[in-house]
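> Just dropping this structure here.
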Amino acid sequence: LAAEISAAAPLAVAQAKRAIDLSAQLEIDSGVELEAELYERLLTSTDRLEGLAAAREGRPARFRGQ
């Protein structure tokens, strides 16, 4: 599992960890809002575009944390 996580996009992993850490203290509605806010931050990332391109091209993604 650790190898899979370390191979994932670093920005997405960081946002997922943040969501996990913060959501434990929130009501469900606030947790969902937090998740949406963190996801929106990733929409314009270079890593997201790289992940989509890699999936489309059938190759491993090369994430740069951008």
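The values are calculated or read from the model by the stated rules, or taken from the named source; none is laboratory data. Since the structure is predicted, the reported quantities are computational estimates derived from the model, not experimental observations. Don't worry about glycine lacking a Cβ; one is built from the backbone with ideal geometry, like all the others, and counts go over all protein chains shown. Accessible surface is based on the protein model in full, side chains and every heavy atom, while ligands, DNA and RNA are left aside. Shrake-Rupley method; radii C 1.70, N 1.55, O 1.52, S 1.80 Å.
> How many residues are aliphatic (A, V, I, L, M), closer than 22 Å to residue 65 by Cβ and open to solvent by 80 Å² or more (accessible area, probe 1.4 Å) when one looks only at the stretch 3-27?
2
> Inspect the stretch 10-20 for any residue being in a helix (DSSP H, G or I) and in contact (Cβ under 8 Å) with a residue 40 or more places away in the chain and give the result as yes or no.
Checked the stretch 10-20: at least one residue is in a helix (DSSP H, G or I) and in contact (Cβ under 8 Å) with a residue 40 or more places away in the chain.
> Would the stretch 28-48 turn up any residue that is under 13 Å from the mean Cα position of the chain (by Cα), modelled with pLDDT of 90 or more, surrounded by 14 or more Cβ atoms within 10 Å (Cβ to Cβ) and in a loop (DSSP other than H, G, I, E, B)?
Checked the stretch 28-48: at least one residue is under 13 Å from the mean Cα position of the chain (by Cα), modelled with pLDDT of 90 or more, surrounded by 14 or more Cβ atoms within 10 Å (Cβ to Cβ) and in a loop (DSSP other than H, G, I, E, B).
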